[in-house]
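See structure below.
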């Protein structure tokens, strides 16, 4: 799947809503005659509930001082919030990158939660280039690490490891390194409630 051109909705960070979205997405995909008939397992995206794999992203902008790249093992015992995006993806630009900016500002100074953004270019290779990282940082006022990965045949990298359904795609990793949530949408208010519970050692649901 490519850039998720969904309506500008705000979905609750809850299992009930997530289940409904997945069921609707599956029904829509199966109703499209131009698509091959896929099994339910083949349509599943993301790695929710699994241990988070390494990123293996080599190109970074705003990497931490003294480092030239970022890895999730740099943040043991911390909550990690990642947004996969593409520069030309309208849903990334108009919806989820602004949410990321608000969350970064909300938790500014909190050392127990980390925010990362990664441009996972799997299409539009002439537009979704590494030189768009500083453009994104300046446009949204982001001073967090922003990575760039271009999908290559035989080298699935971060996209192959995290199996995003497209962009934008959120990944939330808990303190134990488990993927607590992944998906196209993140409700800002509900996310803050969930993060506050996670920071307090509670389940977000």
**Q.** Test for residue 64: is it more than 16 Å from the chain's Cα centre (by Cα), farther than 14 Å from residue 146 by Cα and loosely packed, with under 15 Cβ neighbours inside 10 Å
**A.** no
Q: List the number of the failed condition for residue 149; all other conditions in (1) in contact with a helix residue (DSSP H, G or I) (Cβ under 7 Å, 6 or more places away or on another chain); (2) crowded, with 19+ Cβ neighbours inside 10 Å; (3) at pLDDT 95 or above hold.
A: (3)
Q.
Checking the structure you have, find out if any residue of the stretch 101-108 is within 13 Å of the chain's Cα centre (by Cα), under 19 Å from residue 185 (Cα atoms) and modelled with pLDDT of 95 or more.
A. no
Q: Determine, yes or no, whether residue 156 is within 13 Å of the chain's Cα centre (by Cα) and at negative phi.
A: no
Q: Take the stretch 101-146 and flag every residue that is under 11 Å from residue 85 (Cα atoms) and either surrounded by fewer than 19 Cβ atoms within 10 Å (Cβ to Cβ) or in contact with a helix residue (DSSP H, G or I) (Cβ under 8 Å, 6 or more places away or on another chain) (or both).
A: 117, 118, 119, 120, 122, 136, 146
Q: Filter the stretch 72-90 down to residues that are assigned to a loop (DSSP other than H, G, I, E, B) and within 15 Å of the chain's Cα centre (by Cα) and give me whichever is surrounded by the most Cβ atoms within 10 Å (Cβ to Cβ).
A: 89
Q: Would you be able to say whether some residue in the stretch 157-172 is surrounded by 17 or more Cβ atoms within 10 Å (Cβ to Cβ), within 21 Å of residue 69 (Cβ to Cβ), touching a helix residue (DSSP H, G or I) at 6+ places or on another chain (Cβ under 9 Å) and at pLDDT 95 or above?
A: yes
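The values are calculated or read from the model by the stated rules, or taken from the named source; none is laboratory data. Remember, predicted model here, so these are calculated numbers, not experimental data. Note that we place each Cβ from the backbone using ideal geometry, even for glycine, and neighbour counts take in every protein chain shown.
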